[in-house]
Amino acid sequence: MFERCGVLSSLPLSAAQMEVGQARCVAMANQRLQALLVPTSAASPTHASIGVVEQASLFVEEHRSPVLDTSDVHVARTLLHGAHVTLLGGHPTHGQRTALMDAFQLATLDWIGVDEYTHGLHADSRIHPETALVILAVRWMAHAHHGLRDVAKRRAVPVMMHPGGLNPRSVAYQVVRQASEQLRQRV
């Protein structure tokens, strides 16, 4: 595939070279998508009249499987539906926040990014009486983060130590294994 884009260079590319390279890559991607979507276009006259990107979107929608709704996600959603969750760690993005909120149907997600929480002095203010679960993303933890864990334990709020990435399936897996019994008792 790389040989079609040109030779690799150890020198930085100029703006013009970058534009040419991007255009070639987009053209190659469009060709590959078009080849994948030909059966869809032939089967449906409406697909033949729209562009490649729109065809790809329709193809994905038509062939979407409920990947997100694994049994762990379903159990975690049942346990956390309408709940208030505090998550410490990582770098919050709108997409990740939305994915977690939607997957578990949370009422609120108080996501404290690693940059926002450099000391444990304000841990008390981040856990409210309605907080159902505190998730500590251990990948990003520092010693100051133990303050949040200690406050949660003092208030009998379940604490989950999450070792992985913050996608809904990974979080659900840990919720079921670490906090499901405590969450069931709170319901």
Gain on full stretching of the segment that runs from Thr78 to Asp110 - 0.36 nm per residue minus C-alpha separation: 9.6 nm
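For an R0 of 30 angstrom, estimate the FRET efficiency from the Cβ-Cβ distance between Arg177 and Leu33 and round to the nearest 0.05.
The value I calculate is 0.15.
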Cα-projected label distance for Asn167 with Val26, points at 7 Å along beta-carbon direction, nm: 2.8 nm
Placed amide H near His162: partners under 5 Å, 5+ positions off or other chain: Leu136, Ala137, Val138
Spin-label pair Ala16/His94, simplified geometry with 7 Å Cα→Cβ offset, distance in nm: 3.7 nm
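FYI, it's all coordinate maths here, none of it is from the lab. All figures in this text were calculated on a predicted structure; none of them were measured in a lab. Backbone-built Cβ (ideal geometry, glycine too); neighbour counts: all protein chains shown.
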